[in-house]
Structure formats: structure tokens, C-alpha cells
1. Give me the distance between the Cα centres of segment A:214-261 and segment B:23-88, rounded to whole Å.
2. From the square roots a ≥ b ≥ c of the eigenvalues of the alpha-carbon gyration tensor of segment C:1-120, which class results: rounded (a/c under 1.5), prolate (a/b over b/c), or oblate?
3. Quick one: angle between helix C:108-121 and the longest Cα principal axis of chain C, in degrees between 0 and 90, rounded to 10, please.
4. Of all the Cα-Cα pairs you can form in segment C:4-222, what percent are over 20 Å apart?
5. Express in % the proportion of alpha carbon pairs of the protein assembly as shown at distances exceeding 46 Å.
6. If you find the alpha carbon centre of segment A:138-205 and of segment A:1-48, how far apart are they in angstrom?
7. Working from Cα positions, state the angle (0 to 90°, nearest 10) between the long axis of helix C:272-281 and the longest principal axis of chain C.
8. How far apart, in nanometres, would the label points at residue C:199 and residue C:108 be if each is projected 7 angstrom from Cα along the Cα-to-Cβ direction?
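Quick note: the coordinates plus some simple rules give every number you see, no bench work behind them. Quantities reported herein were computed from a predicted structural model and do not represent experimental measurements. For neighbour counting, all protein chains shown are included, and Cβ atoms are generated from backbone atoms with ideal geometry for every residue, glycine included.
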């Protein structure tokens with residue numbers, strides 16, 4: 001069996017394991033599905049009149065606008081959960097067992113990231129379904145949905161990479177857990193929940209330059225308007241940048257852990 | 001046994017005081033544990049303000065200052081979180097066998113519950129004060145003495161209710177994995193109200209829910225001083241709602257405590 | 001009046017019968033040892049007797065009060081130290097005992113006094129003001145025991161008090177239990193260690209799979225199984241000659257191999273000199289001689305068909321062996 005096949009199998013097996021773990025424990029699945037859905041419902045209901053504000057971008061409904069933000073929240077929390085799970089694996093010695101096996105070390109990390117990406121995919125599908133169920137239209141139709149799904153999945157992988165890097169570097173679950181509030185800080189300082197032009201300073205300016213805003217806009221555009229080349233490009237660059245950062249940091253952290261032990 | 005004992009009412013009071021002291025110890029000896037409870041509502045406050053602040057531009061909004069509008073929400077969220085944390089701690093105590101020590105003693109079950117719930121009420125003052133300080137710093141209106149008192153009273157009572165809810169779930173499921181349910185439950189209760197906007201500006205379904213949700217009265221009572229003047233007419237519905245919820249959830253939690261071991 | 005009286009006690013959990021009809025009686029001032037392997041139903045029984053669990057059948061009274069109808073009175077009369085030492089790692093030992101005193105309605109000053117006395121008694125004075133989280137396993141058990149005694153209970157329940165402890169800590173707990181009993185406290189103790197039941201208990205109840213399979217004093221239980229036997233290994237001389245010599249003293253048992261002689265002796269150790277003399281007269285040189293007494297494990301095997309302890313576990317010393 002070639003090395004590539006072996007590694008592919010390892011990545012798949014570990015990926016499947018991460019997904020199973022997440023769906024089996026309420027503490028892990030709730031932040032990814034329950035809380036973002038709850039928040040989506042409440043924010044749509046509570047702030048929905050915002051569409052009447054002068055300057056609000058033309059949308060079919062506030063729900064349609066918010067779907068991208070909900071997906072963003074969900075995928076970032078999925079990444080965070082993945083990092084916590086990886087840190088727990090390290091604390092419990094499971095990772096050492098994997099390191100001792102005749103497999104590529106990086107495939108261990110990729111396995112975890114594959115799981116996180118799958119969760120990202122799941123959350124994209126989940127929120128698209130919720131949107132459709134409650135009357136929101138996907139402006140760019142099926143191609144638009146696909147673009148959103150791909151962006152969300154890759155973004156989940158990217159965030160997962162950063163969380164994995166933190167997990168590998170610190171080896172402590174409670175440190176990764178501590179990143180949880182940071183997710184919300186980043187989300188609130190982006191255009192995840194409201195159009196950037198209508199936000200209040202200083203959040204407004206930060207959101208203008210926040211790479212996560214670009215990703216959100218890239219997911220949002222096909223849903224509320226249509227496939228926009230500039231939004232898509234910006235989102236792709238942002239996601240790629242963060243993904244490379246995440247993978248690069250994980251690779252370094254992995255090397256460090258293997259050296260230091 | 002016997003001869004040296006205190007009369008029951010004094011023994012109960014002493015037990016409640018001892019349980020509150022234990023909760024205080026946890027805070028003093030592991031201060032870092034209080035951080036999430038303070039950070040979460042503060043981040044939410046600043047975040048909501050930065051994201052949704054423009055809503056005050058809508059006709060029908062009762063104030064021009066979104067900070068003033070949502071600060072009571074964040075204070076109540078802190079209370080909800082503190083109460084839910086009490087539930088999580090109880091679940092941990094059950095998992096580690098600590099609750100058995102309390103259950104095997106002759107202390108009445110309601111006394112054990114009262115200790116936990118009162119401690120939660122007191123602890124909720126910490127995140128509430130932190131959020132208030134931040135809100136005032138970014139320009140929220142000073143609520144005045146009466147407004148402040150009412151807001152804090154709402155916070156303490158809401159934390160007590162959240163603690164009963166959390167305790168009920170902890171005793172029912174005997175596991176910390178019930179934590180998300182404890183937190184989501186309180187989050188939903190507090191946000192399915194006039195949290196983000198006045199009643200008239202809420203979307204249809206949320207307007208209906210907020211109308212029947214007793215916590216809406218609590219929110220409005222806590223909000224009074226921040227957006228205008230304080231009046232008894234705006235306060236008593238909130239007090240009534242809290243009293244009713246406390247009685248209901250307190251009874252449910254007590255029932256679960258008595259049923260432990262069935 | 002019996003300190004503990006149990007009639008047909010049952011507990012079922014979703015189809016699993018953890019306890020299936022237990023009858024027992026513990027007299028005042030007695031130490032009762034409840035012996036059985038893991039999963040036998042010991043902890044479930046103790047939880048029912050300490051009002052932490054409701055029985056699904058049968059009745060029980062502790063210190064004269066029914067565990068279901070008069071639960072509060074039962075709680076006021078008993079001290080409990082459970083298998084999981086129910087401690088708060090952030091409290092100090094002293095704080096824990098004082099909290100226990102408060103739970104039992106003792107005034108603060110009295111609680112302080114008793115805490116001082118108890119901490120001294122279990123040798124935790126130096127650690128008293130350190131957090132429980134820093135205590136070793138043995139220290140935690142001693143603290144748990146001290147807390148259980150703060151209100152001077154009539155009946156003390158100890159659920160596996162020495163599981164996981166080193167031999168020194170185990171001996172300390174045993175001494176403390178004996179001292180308590182000498183002062184008049186009834187002790188109900190569960191254990192999976194037959195040495196513990198054998199040495200401490202006045203009466204032993206052996207439980208397996210939710211039922212009591214044997215009950216009585218340790219001596220009576222063992223006597224009921226059989227008499228001690230002497231196990232000989234020869235250095236020089238023929239087996240047949242040795243067997244002949246021994247057959248005059250006691251009943252020969254089936255040999256286990258070609259080098260060992262087993263002979264049942266009625267008077268136990270008192271018969272050893274006779275055996276030695278007979279072998280000497282027959283010119284047989286003995287390599288090793290041991291007196292093997294039946295153990296509670298033998299009782300267990302006889303009643304249930306399987307062993308109580310895995311071979312070579314726990315107690316350490318071979319039960320009753322007297323190697324020469």
C-alpha cells in the first residue's frame with residue numbers, strides 16, 4: 001500500500017473519530033448547532049426591523065442577511081471545539097500513541113482538521129436548510145449555495161488549523177477553552193451580524209479591515225444578491241491566508257512537540 | 001448526638017451560612033474561575049452595542065442610547081450565567097460524591113438548596129457590576145439610585161432563578177454534560193424578550209413570545225432607570241414575575257433534590 | 001434492639017437486580033463485615049441503609065428508625081464514610097469537619113472543639129489547615145472518618161474504607177475502627193478484602209450478586225468449610241512412608257503432586273509437634289511444612305463457585321499460612 005493511501009486512510013479514520021466525538025457529547029455539539037441557531041432566531045426576531053434603516057443593503061429579509069453570520073459563528077466554534085478535543089487527546093496521551101504509530105505525523109493533525117472541516121460543511125448545510133425552511137431565498141441559486149458551502153468548509157479547516165496549533169503548542173485543554181470568548185470578539189468586530197457601514201465606531205472601522213468580514217461577505221453575497229467577483233476574491237484570499245497561517249502554525253507546533261516531547 | 005444541638009431554625013440558618021461560605025471560598029481560592037462569568041456578558045454588551053447600535057435610528061425606539069437600552073440585558077445575562085454555573089458546580093459535586101455528604105446529614109433538603117441559590121444571587125453582583133462599569137464608561141445613562149437598586153434586585157433574583165433551573169437539571173441528569181442545557185435555557189429566557197428592541201419593533205413571532213415571557217417584565221423593570229424615570233407601575237410586574245418563577249423553579253428543584261435516590 | 005435490622009431488602013435498577021432480598025441483623029456494639037466482590041451489591045445496600053437510595057422492596061431500620069419513613073432520624077443517628085471520600089479539594093480539613101458539625105446542628109464553638117479533638121485523633125493536626133486537595137489518599141480517608149464521627153453517631157457506616165490504601169494506612173484505619181467499637185459504636189463495614197473482614201468483624205455477611213450467601217462469625221464460617229491441614233514437602237525419604245506416618249495423626253487428603261503430602265489435622269497448630277515427631281521417628285526429612293487454614297475465600301468458593309479475590313491480590317499475606 002502506498003504511503004499516500006495509508007495517510008489518506010489515517011486522515012479519514014481520525015476525521016471520522018472527531019465527528020463521532022463531537023456528536024456524542026452535548027458540550028461539544030451545543031456550541032456548534034444549538035447556540036448559533038438560538039442566536040440566529042433571537043437576533044432575527046429582535047433586530048429584524050433593521051432592514052428598514054436607511055443605508056441597509058437590499059435584502060429579501062434580515063434572516064437572509066444573518067445566515068452567513070450564523071454559519072461563521074458555527075464554524076469558528078467547531079474549530080475551537082476541535083482544538084479543545086485535540087488538547088484533551090494530548091493530555092490523555094492518545095496523541096503519543098498516534099505518534100508512535102508508523103504513520104505520517106502531519107496526517108494526525110490533518111485528521112483532526114478533516115473532522116472540523118466536515119463539521120463546517122454540516123453547519124453550512126444546516127443553516128442553508130433553516131434559511132430555506134423559514135422562507136429565505138438563495139439569490140444565486142444552487143451555484144451560490146455551493147460557493148457558500150465551500151467557503152464555510154475551508155474556513156472551518158482554516159480556523160481548525162489555528163486552534164490545533166494552539167493545542168499542540170500548549171497541550172492544555174483549558175488554554176484552548178479560554179479562546180472561546182475570543183471567537184465572539186472576532187465575530188462582533190466583523191460584519192457577521194450587521195452591515196459594516198452601519199456599525200458603531202470603533203467596531204465599524206475594525207470590521208472594515210477584519211479578514212473575517214471578507215469571509216462573511218463572501219458567504220453572504222451569493223445568498224442575498226448573487227455571485228460577486230470581488231467579494232468572492234476577497235473571501236478566497238482571506239480564507240486561503242488564514243488556512244495557510246493555520247496549517248503553517250500547526251506544522252511548526254507539531255515539530256516543536258515532537259522535538260520537545 | 002442530641003444534647004449539644006441547636007434549635008432547628010438556628011441550625012438551618014447556620015447550615016445556609018456555611019454553604020454560602022463554601023461558595024465564597026471557591027471564588028476566593030480560584031478567582032480565575034469567575035473570569036468567564038464576567039467576560040461573557042461584557043463581550044456581549046460591547047459586541048451588541050457595536051453591531052446593533054444603529055437600531056436606535058428606527059422610529060419607535062424609546063431611547064437614542066443603545067448602551068443604556070441593552071445594559072440591563074447584559075447584567076441579567078451575567079445573572080443567568082452565574083446561576084447556570086451553580087448548576088454545573090452542583091453536577092460536578094454530584095459526580096464527585098460531595099452531595100452525598102450533604103444528603104446523608106439531617107439538614108433538610110430545602111436548606112441545602114437555599115444555600116446554593118442565595119450564594120448564586122450574591123455572586124451575580126460581580127458580573128453585573130463589571131458590565132455596569134463598562135457600560136457607563138462607553139456612555140450609558142446613569143440610572144439613578146432607585147433605578148440602580150431595582151436593576152440589582154432583578155439581577156439577584158434572576159440569578160436565584162437560574163440557580164434553581166441549573167440545580168434541577170444537575171439533580172435530574174447527575175452529569176456536567178447537562179451544562180449547555182442550563183446555559184441555553186437561561187440565555188433563551190433572557191433574550192426572548194424586548195432584549196434587542198422595544199416590543200413594537202420586534203418581528204411577529206418574537207413579539208408574541210416576548211409578550212407572554214415573564215422575563216420581559218423583569219427586563220423592563222431593570223431597564224427603567226437607564227432609559228427614563230422609575231415608577232412603581234413599571235416595577236411591580238417584574239417583581240411579580242420573579243416571585244412566580246422563583247416559586248415555580250424553586251419547587252421543581254426541591255422536588256428533584258428530594259427525588260435523588262428514588 | 002438491633003442497631004440495624006434488614007428484611008428482604010431489594011433494589012432494582014431498570015431490570016438489573018443489584019440487591020435481591022437481603023436479610024441481616026446487626027446487634028448494638030457489633031462490628032459487622034459485609035464482604036463481597038466488586039458489583040456484588042455492597043455499596044447499593046449501604047446507600048439504602050444510609051437513606052441515599054430508596055429500596056424497591058423490603059424494609060430496613062437503623063438505630064430503631066425506618067430508613068424510608070423516618071429518614072431524618074436515621075441521618076441524625078449515623079455517621080457515614082463512603083467509598084468515594086466525599087471531600088471538597090478547596091476546603092481545609094478543619095473547615096470540612098466544622099461544616100459537618102454545622103450540618104448536624106452543633107453550635108460553632110462545640111464544632112471547633114470537636115474538630116480539634118478529632119483531628120488529633122486521626123493524626124491530621126499538621127495538615128488541618130491545608131487544602132484537602134493536597135492530602136494523600138490515606139489522609140483523605142482519615143479525614144472522612146473524622147468527619148463521620150463529629151456528632152458521635154451510634155452507628156457508623158464505612159464503605160470500603162481501606163480500598164486503595166497502603167498497608168500502613170490500612171492498619172491505622174483498622175485500629176481506629178476497633179477503638180471506636182470498644183467505645184460502643186456499632187460499625188457496619190463493607191469490604192472486598194477478606195483479611196479485613198476476618199480481622200475486624202464480629203460477624204460477617206458474604207454477599208454475591210445481590211444475595212447473602214453465608215453469614216456468621218469468621219471462625220464459624222471457616223469451621224463450616226473444613227479443618228486446617230498440614231502441607232508437607234519432603235527433602236529426603238519416600239512419600240509412602242510419610243503418608244503412613246501422618247495417617248496415624250489425621251486424615252490424608254488427596255495428593256496434589258508426587259512430592260507433597262496433605263493431612264487434615266483436627267487441632268490445627270497444636271497437632272504440628274505430633275506430625276513432626278512422627279516424621280522424625282520414621283526418618284523422614286522435611287523440606288517445608290505449612291499449616292493451611294480455610295479462609296473466607298474458601299467459604300466464598302464453596303458457596304458461589306468462584307473466588308472472592310483474584311489470586312495474589314490485596315491483603316498480601318497468605319491467609320493463615322505459617323511457613324516453617
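1. Taking the Cα centre of each part, segment A:214-261 and segment B:23-88 sit 31 Å apart.
2. Prolate, since a/c reaches 1.5 and a/b exceeds b/c.
3. For C:108-121 against chain C, the angle is about 20 degrees.
4. So the portion of pairs separated by more than 20 Å is 57 percent.
5. Roughly 43 percent, rounded to a whole number.
6. About 14 Å separates the Cα centre of segment A:138-205 from the one of segment A:1-48.
7. 20
8. With each label point 7 Å from Cα toward Cβ, the separation is 4.3 nm.
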